[in-house]
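The structure appears right after this line, and notes come after that.
The values are calculated or read from the model by the stated rules, or taken from the named source; none is laboratory data. Source: prediction; values computed, not measured. Using ideal geometry, Cβ is built from the backbone for each residue, glycine included, and neighbour counts are taken over all protein chains shown. Surface areas here come from the heavy atoms of the whole protein model, side chains and all, with no ligands, DNA or RNA. Shrake-Rupley method; radii C 1.70, N 1.55, O 1.52, S 1.80 Å.
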Amino acid sequence: MSILLTGGAGYIGSTVASILKEEGEEVIILDNLARSKKEYLPSGIKFYEGDVDDMSLLEKIYNEEKIDAIMHFAAYIEVGESVLEPYKYYENNFSKTIKFFNYFIEKGVKKIIFSSTAAVYGEPKYIPIDEIHIKKPTSPYGMSKLFVESFLESVELSSGVHHVALRYFNASGAYGNFGENHNPETHLIPLILEVALGLRDKIFVNGNDYDTTDGTCVRDYIHVYDIAIAHLLAYRYLSNNKGSLKVNLGSGEGYSILDIIESCRKITGALIPVEVRERRLGDPSTLIASSKIAEDVLGWRRKYQTVDAIIESAWKFHKTKFDNNK
Ligand SMILES: NC(=O)c1ccc[n+]([C@@H]2O[C@H](COP(=O)([O-])OP(=O)(O)OC[C@H]3O[C@@H](n4cnc5c(N)ncnc54)[C@H](O)[C@@H]3O)[C@@H](O)[C@H]2O)c1
């Protein structure tokens, strides 16, 4: 039996697929390569190229494979873009996703692991944010993910199909050849490292008037390896038929943008010029997770305990990529 993993050419999906394979799981990837490249796919894993709402392709996958579970990473992920182009986000992240889920639910798949996000919470009422915190997304991206969570809850009521929605905070770091290669890249750590490599002149800081210690946004960074292990644990949890869960994945520690820049300076030895500009639409000031459910219920333990360790792994990945492209 196999896990059908969508978005497996992307940053997190490719890393998770590779780690699942190392752990002895059978994985199949579906990705339309809209935001990634074929070369990012992990080797030795069967790949179907196409969209998650391509019904004839889903039929083909269903006929050729024995699908036991779905891990759904495929989505657009840019908060700012979602504010400017909401339809694109509701269509890709919600409409297509529920159509895709529905196809496999009707075919009898009973385990769904969904890539959700800290963005479902919006501006926090308290810190650290636990899973029962009020959900009031400040962007169409966050809302599109929350809608999918609601759909999965309704499906559980109507047909008993269980799910685990993993709400990642800031996924970061690299695992061997798998690192952040977003297209377009808007995530902080890879952008700063590109400045360190001389590929960009400076790093833009989007607003320094937030209600935080240094005025820049505070985020909780979690290594992509630790996210992958949480998927494995969630799969085992569902395999033991234990019901559905909503689970935060974070470190419980917050770092401001300036903290991250400072850490990158220390690790790379580069100057890294900074320019402050306007706030970006849809960004909450502080997001820090409580990951107690992941730890207590799934038995999740983080391997990467410090943001420096995360940045060191990312730096190794970006430097190697840069050296190989010379
Ligand atoms: N990166 C983060 O910090 C973060 C944080 C929270 C949640 N998430 C969630 O994790 C998931 C993966 O994020 P990522 O950083 O790896 O993004 P990514 O852009 O690197 O990967 C997404 C992949 O999905 C594919 N895709 C998009 N729409 C598709 C469709 N309709 N059909 C088939 N393939 C499609 C893209 O081509 C890409 O390969 C997303 O669902 C995202 O919302 C990411």
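Quick rundown of the values:
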{"item": "Sparse-neighbour loop sites [trypsin sites (Lys or Arg not before Pro); region 160-266; at most 14 other C-beta within 10 Å; DSSP]", "result": "Lys202, Lys242"}
{"item": "Helical mean residue ellipticity (222 nm; -39500 (n - 2.57) per DSSP H run of 4+; nearest 500) of the chain", "result": "-11500 deg cm²/dmol"}
{"item": "Separation in nanometres of the label points that stand 7 Å from Cα toward Cβ, at Glu85 and Glu59", "result": "3.0"}
{"item": "Globularity index of region 105-192, i.e. its alpha-carbon radius of gyration over 2.2 N^0.38 Å", "result": "1.30"}
{"item": "Under the Karplus curve 6.51 cos²θ - 1.76 cosθ + 1.60, θ = phi - 60°, whole-Hz ³J(HN,Hα) for region 52-67, x wherever Gly or Pro sits", "result": "5, 9, 7, 4, 5, 5, 4, 4, 4, 4, 4, 6, 8, 10, 10, 8"}
{"item": "Solvent-accessible heavy-atom area per residue, rounded to whole Å², over region 2-127 at 1.4 Å", "result": "40"}
{"item": "Euclidean distance between Cα centres, region 165-210 to region 97-134, Å", "result": "24"}
{"item": "Placed amide H near Val276: partners under 5 Å, 5+ positions off or other chain", "result": "Val205"}
{"item": "Kirkwood Rh, Cα atoms: Rg over Rh of region 205-288", "result": "1.12"}
{"item": "Heavy-atom accessible surface of region 238-308: percent carbon and sulfur, 1.4 Å", "result": "48"}
{"item": "Rg and Dmax [Cα atoms of the chain; Å; Rg one decimal, Dmax integer]", "result": "18.9, 56"}
{"item": "Karplus-derived 3J(HN,Hα), 6.51/-1.76/1.60, for each residue of region 93-104, Hz, glycine and proline x", "result": "7, 10, 4, 5, 5, 6, 5, 5, 4, 4, 4, 6"}
{"item": "Restraint check, Lys21/Lys246; Lys88/Lys125; Lys37/Lys110, Cα-Cα greater than 27 Å", "result": "Lys88/Lys125; Lys37/Lys110"}
{"item": "Computed magnitude of the charge dipole of the chain (debye, nearest 20; Cβ of K, R +1, Cβ of D, E -1)", "result": "320"}
{"item": "Size of electric dipole in region 1-126: Cβ of Lys, Arg +1 and of Asp, Glu -1, about Cα centre, debye, nearest 20", "result": "180"}
{"item": "Ranked by how many other beta carbons lie within 10 Å on average, peptides 87-98, 277-288 from highest", "result": "87-98, 277-288"}
{"item": "Protection proxy ranking of 117-125, 45-53 - average other beta-carbon atoms within 10 Å, highest first", "result": "117-125, 45-53"}
{"item": "Highest-MSF residue in the chain out of Ser251, Ser18, Ser158 [GNM, Cα springs under 10 Å]", "result": "Ser158"}
{"item": "Charge dipole (debye, nearest 20) of region 185-249; +1 at Cβ of Lys and Arg, -1 at Cβ of Asp and Glu", "result": "480"}
{"item": "Average projected area [Cα convex hull, region 184-326], square nanometres", "result": "10.2"}
{"item": "Carbon/sulfur fraction of accessible area - region 63-206, other protein chains in place, 1.4 Å, %", "result": "53"}
{"item": "Quarter of the Cα convex hull surface for region 83-129, i.e. its orientation-mean projected area (nm²)", "result": "4.7"}
{"item": "Among Ala228, Ile272, Ile310 the positive-end extreme of the charge dipole of region 228-326 (Cβ point charges)", "result": "Ala228"}
{"item": "Accessible area of region 170-290 divided out per residue, in Å², using a probe of 1.4 angstrom", "result": "41"}
{"item": "C-alpha long axis of helix 11-22 to longest principal axis of the chain, angle in °", "result": "60"}
{"item": "Region 190-203 - phi-based ³J(HN,Hα) in whole Hz, Karplus 6.51/-1.76/1.60, Gly and Pro as x", "result": "x, 5, 5, 5, 5, 5, 4, 8, x, 7, 9, 6, 7, 10"}
